[in-house]
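Below is one structure; the comments refer to it alone.
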Amino acid sequence: MSSENVMSAQKSASQQSPDSTTSATSKTGQGNPVLEIRGLSVDYGVGPQAVRAVNDVHLTLNRGEVLGLAGESGSGKSTLAYGATRLLPPPGVVTGGSVLYHPDDGDPVDLLRMTPGELRAFRWSQLSIVFQGAMNSLNPVTTVAAQLTDVIAEHRPKTSKADRMARAAELLALVGIARDRLDSYPHQLSGGMRQRVMIAMALALEPRVVIMDEPTTALDVVMQRQIMRQLAKLKEQLGFSVIFITHDLSLLVEFSDRIAIMYGGRIVEQAPAVELYDNSLHPYSDGLLHSFPALRGPRRELTGIPGSPPDLRDMPVGCAFQPRCPKAFDPCGGSPPPLVRPASDPGRSVACYLHPSA
Amino acid sequence: MKYFARRLGFYILTLWAAITINFFIPRMIPGNPVDSLIAQRRGEIDSNAIKSLDILFGLDKHQSLLSQYWSYLGQLAHGDLGISFQNFPEPVTSVLGSALPWTLGLIGTTTILAFLIGTLLGVFAGWKRGTWVDGLLPVTTFLSSIPYFWLGLISVTLFTGVDSWLPSSGGYDPGLVPGWDFGFIGNALRHSILPAATIIISSVGGWLLAMRNMMVTVSAEDYITVAHAKGLSDRRVMTKYAARNALLPSVSGFGMALGLVVGGTFLVEYVFSYPGVGLQLLNAISGHDYPLIQGVFLTVTVAVLAANFLADLAYMALDPRTRKEG
Ligand SMILES: Nc1ncnc2c1ncn2[C@@H]1O[C@H](COP(=O)(O)OP(=O)(O)OP(=O)(O)O)[C@@H](O)[C@H]1O
Ligand SMILES: [Mg+2]
């Protein structure tokens with residue numbers, strides 16, 4: 001992608017300013033952002049071979065909110081999370097944007113401009129992550145206790161060893177794991193237990209924001225719901241905010257306040273969970289909703305989405321979804337539709353020419 | 001524990017097999033070669049020693065194979081490996097006993113040193129991949145690809161001579177009597193500098209590259225990303241998370257290398273005429289000293305097995321997964 005394109009994309013975004021802080025209609029923390037991603041772009045590789053996996057993404061997480069991020073495999077959800085937290089493995093590079101964190105007191109800080117020392121202190125104490133590969137997220141050669149306590153020791157060096165162990169046991173209890181598992185090694189735990197250990201670890205320092213990247217994908221449905229319910233309870237108790245990433249939209253509808261849909265590295269729709277479920281505006285969201293069976297509510301027909309996700313090295317001109325879109329019409333082949341608040345419902349945003357802004 | 005017991009059982013079995021093979025080989029050589037040598041020296045060797053050699057090499061054809069085998073095992077149990085022909089009338093065990101400390105001291109120490117230095121440098125090289133450090137890698141590849149023999153000869157030519165402080169051969173000055181005094185130890189250390197340096201130079205690169213590559217592999221693991229995300233210090237992630245895991249394959253390799261300390265050192269000891277086991281073996285082969293050759297082989301076998309057993313123990317201590325059943 002040429003730099004010219006990036007410029008125009010950024011300009012259109014700032015003109016339309018799809019500011020979700022005002023669009024959020026959830027009861028919790030409306031207009032009270034804790035994490036603001038502004039115009040974030042991430043490339044894999046540099047020079048002519050670079051592909052843009054995340055393209056000018058604006059996303060706001062409000063205090064106390066669960067924000068769901070959904071999209072097909074390869075749509076850039078993990079890349080967005082890694083990029084925003086500066087954990088991108090090479091060859092990933094953040095090429096633009098900012099990520100503002102609003103502490104409970106004090107001025108917002110930009111994660112992307114923190115010094116390494118500031119970043120280390122910020123990590124886990126303010127924002128923690130449960131990674132997609134939770135199965136391999138634990139160090140195989142040390143005990144669960146060691147991995148739960150080392151992060152406490154790092155950030156709160158004044159705590160005593162006994163206190164840290166007590167805290168580790170408490171954390172395990174929080175996710176329903178017996179304290180005698182403290183001395184276990186990861187290979188001695190079941191997949192579900194490992195996943196829950198990772199969730200417990202994410203809560204060790206009572207961060208304000210927890211990003212969860214498909215934390216339950218490898219589990220059976222029963223275990224998935226069980227963990228999700230545990231998580232919802234913990235959230236109520238501890239009052240953190242969550243960005244929940246998954247490709248399972250039905251899970252999100254159930255557990256999140258607001259949902260953002262990603263396609264080809266861009267956010268294509270953003271709306272309160274119920275509204276998105278009942279009345280999705282973007283044809284892609286509609287397709288996604290018809291790709292998963294809903295566990296609750298009326299049955300819908302499962303149709304899936306024909307075609308395959310776009311190739312980042314060869315993105316369609318105009319709307320990235322247009323080649324697969326049943327409702328594509330003339331303007332779709334022009335320039336990518338900007339994310340705007342549609343005239344029909346200014347409480348949400350969508351990037352589709354079918355729904356122009358007011 | 002079950003794993004431990006199984007490994008121990010395996011090593012005991014292997015040792016027994018090696019001893020048994022050692023028993024059969026001389027018996028399978030047609031027209032026993034030791035026979036003639038004993039015949040030549042019959043007058044000089046006392047009858048006990050002859051009996052012991054008979055047992056070791058199967059010259060006593062009157063006994064059944066099984067009873068020969070039993071007396072052979074009994075003799076080994078007493079540490080009797082026969083008499084060295086070349087060093088007559090010294091028993092093989094005492095020849096080996098005076099050569100082993102030199103080999104273990106020089107080669108053992110340098111093997112351990114090379115492993116430690118190479119692994120430590122490898123940890124850093126792997127952690128700092130993609131920086132200027134990568135530029136140094138071709139140097140280590142070059143160093144580890146030089147044939148040892150050549151490296152030894154070059155260093156002798158370059159660094160020794162009449163007016164040089166570094167001696168070109170031997171383990172100590174000929175006039176000295178081995179003992180635990182400063183004069184002798186200092187002299188022995190001075191003799192070991194050049195062989196030690198050449199060994200380290202030629203083997204450190206291998207450890208470095210192995211460790212570096214494992215560090216690079218491990219660095220891509222999810223738990224390393226998690227460790228970074230936890231805000232742990234760079235040092236802690238490098239040591240407790242990355243290096244700790246990357247070390248595991250090297251430990252097995254190190255066991256192998258330790259096992260070869262006794263047996264794989266002919267070149268070093270040959271180039272520097274160093275009075276160790278390797279040099280003894282070379283001499284024994286050229287002098288048809290069969291009892292000594294047998295003794296060296298047995299020692300090498302035991303050393304390889306012991307070192308691998310130690311490596312197994314270390315691996316067990318380092319990797320909790322092996323402690324598991326299976
Ligand atoms: N190291 C890499 N080099 C080049 N391209 C990459 C790299 N990693 C990811 N990508 C590309 O970036 C895009 C986004 O990947 P990402 O992992 O963020 O997707 P995702 O939405 O998290 O998918 P999933 O649901 O499968 O986890 C994909 O098209 C992928 O091919
Ligand atoms: Mg992902």
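The values are calculated or read from the model by the stated rules, or taken from the named source; none is laboratory data. Since the structure is predicted, the reported quantities are computational estimates derived from the model, not experimental observations. Here the Cβ is made from the backbone with ideal geometry for all residues, glycine too, and neighbour counts use every protein chain on show. Please note that ligands, DNA and RNA were not included when accessible areas were found on the heavy atoms of the full protein model with its side chains. Shrake-Rupley method; radii C 1.70, N 1.55, O 1.52, S 1.80 Å.
With charges set only on the Cβ (+1 for Lys and Arg, -1 for Asp and Glu), what does the dipole of region B:93-213 come to about its Cα centre, in debye to the nearest 20? Present the calculation step by step, with values, prior to reporting the outcome.
On the way: 4 positive and 4 negative charges, 91 e Å.
Using Cβ point charges on Lys, Arg, Asp and Glu, region B:93-213 gives about 440 debye.
What share of all Cα pairs of the protein assembly as shown, in percent, falls into each consecutive 10 Å distance bin?
Histogramming the protein assembly as shown at 10 Å steps yields 3, 12, 18, 17, 13, 11, 9, 8, 6, 3, 1, 0 percent.
What is the ratio of the Cα radius of gyration of region B:170-213 to 2.2 N^0.38 Å, where N is its residue count, to two decimals? Before the final figure, lay out the partial values.
Working: Rg = 15.3 Å, N = 44, 2.2 N^0.38 = 9.3 Å.
Rg over 2.2 N^0.38 Å, computed on Cα atoms: 1.65.
With every protein chain present, what accessible area does B:Thr111 have (1.4 Å probe, heavy atoms only), rounded to the nearest 10 Å²?
Rounded to the nearest 10, the figure is 20 Å².
If you count, for every residue in B:148-160, the Cβ atoms of partner chains within 10 Å of its Cβ, what is the mean? If you can, show how the numbers build up before the last one.
On the way: counts 0, 0, 0, 0, 0, 0, 0, 0, 0, 0, 0, 0, 0.
Partner Cβ neighbours, averaged per residue: 0.
For region B:93-323, which whole-number percentage of the solvent-accessible area (1.4 Å probe, protein heavy atoms only) is attributable to carbon and sulfur atoms? Write down the numbers at each step before the final one.
Numbers: 7650 of 10620 Å².
That share works out to 72 percent.
What quantity of accessible surface, computed with a 1.4 Å probe and excluding non-protein components, is buried in total between chains A and B, in Å² to the nearest 100?
The summed interface area works out to 2000 Å².
When averaged across all projection directions, what area in nm² does the alpha-carbon convex hull of region B:101-142 cover? Each step should come with its number before you reach the end.
Details: hull surface 12.7 nm².
Computing the convex hull of the Cα atoms and averaging its projections yields 3.2 nm².
To the nearest 0.05, what FRET efficiency results for B:Thr109 and A:Gln230 with a Förster distance of 60 Å applied to their C-beta separation? Display every interim value, and only then the final one.
On the way: r = 56 Å, r/R0 = 0.93.
For B:Thr109 and A:Gln230, the calculated efficiency is 0.60.
Report the Rg/Rh value for chain A, based on alpha-carbon coordinates and the Kirkwood definition of Rh. List each step's numbers first, then the result.
Details: Rg = 20.5 Å, Rh = 21.1 Å.
Here the Rg-to-Rh quotient is 0.97.
Under a point-charge model restricted to the Cβ atoms of Lys and Arg (+1) and Asp and Glu (-1), what is the dipole moment magnitude of chain B relative to its Cα centre, in debye to the nearest 20?
Result for chain B is approximately 1340 debye, rounded to the nearest 20.
Taking each pair of different alpha-carbon atoms in region A:186-247 once, compute 1/r for the pair, average those values, and report the inverse of that mean as the Kirkwood hydrodynamic radius in Å to one decimal. Write down the numbers at each step before the final one.
Details: mean 1/r = 0.0827 Å⁻¹.
Result for region A:186-247, one decimal place: 12.1 Å.
What does the accessible area per residue of the protein assembly as shown come to in Å², with a 1.4 Å probe and no ligands, DNA or RNA counted? Let's see the in-between values first.
Working: 31630 Å² over 684 residues.
Heavy-atom SASA per residue in the protein assembly as shown reads 46 Å².
Magnitude of the Cβ-charge dipole of region B:235-326, K/R +1 and D/E -1, about the Cα centre, nearest 20 debye? Before the final figure, lay out the partial values.
On the way: 7 positive and 5 negative charges, 162 e Å.
Roughly 780 debye, rounded to the nearest 20.
Hey, what D do you get for region B:100-176 in µm²/s if you plug the Kirkwood alpha-carbon radius into Stokes-Einstein at 10 °C and 1.306 mPa s? Working shown, then result.
Values: Rh = 15.5 Å.
Taking Rh from Cα pairs, D becomes 103 µm²/s.
Please identify the chymotrypsin sites (Phe, Trp or Tyr not before Pro) of region B:152-259 that satisfy two criteria: DSSP loop assignment and at most 16 other Cβ atoms within 10 Å. Which are they?
Of the chymotrypsin sites (Phe, Trp or Tyr not before Pro), the ones in loops of region B:152-259 whose Cβ has at most 16 other Cβ atoms within 10 Å are B:Trp165, B:Trp180.
Expressed as a fraction of 2.2 N^0.38 Å, the rule-of-thumb size for a compact globular protein of N residues, what is the C-alpha radius of gyration of region A:236-284?
Compared with the compact-globule rule of thumb, region A:236-284 sits at 1.19.
Based on the Kirkwood radius over alpha-carbon pairs, what value in µm²/s does the Stokes-Einstein equation return for the translational diffusion coefficient of chain B at 10 °C and 1.306 mPa s? Numbers along the way, then the final one.
Working: Rh = 22.8 Å.
My calculation gives 70 µm²/s for D.
Report the one residue of B:Ala306, B:Met256, A:Gly191 whose Cα lies farthest in the direction of the positive end of the charge dipole of the protein assembly as shown (charges on C-beta: Lys and Arg +1, Asp and Glu -1; origin at the Cα centre).
Positive-end residue among those listed: A:Gly191.
Tell me the net charge near B:Asp173. Cut-off is 15 Å between Cβ atoms, B:Asp173 excluded, with +1 for each Lys or Arg and -1 for each Asp or Glu. Write out the running numbers ahead of the final one.
On the way: positive: B:Arg190; negative: B:Asp181.
Taking every Cβ under 15 Å from that of B:Asp173, the sum is 0.
Using a Gaussian network model of chain A with C-alpha springs under 10 Å, which one of A:Gly83, A:Gly334, A:Gly239 is most mobile by mean-square fluctuation?
Fluctuation is largest for A:Gly334.
How would B:Val92, B:Val204 rank on accessible area, largest to smallest, probe 1.4 Å?
B:Val204, B:Val92
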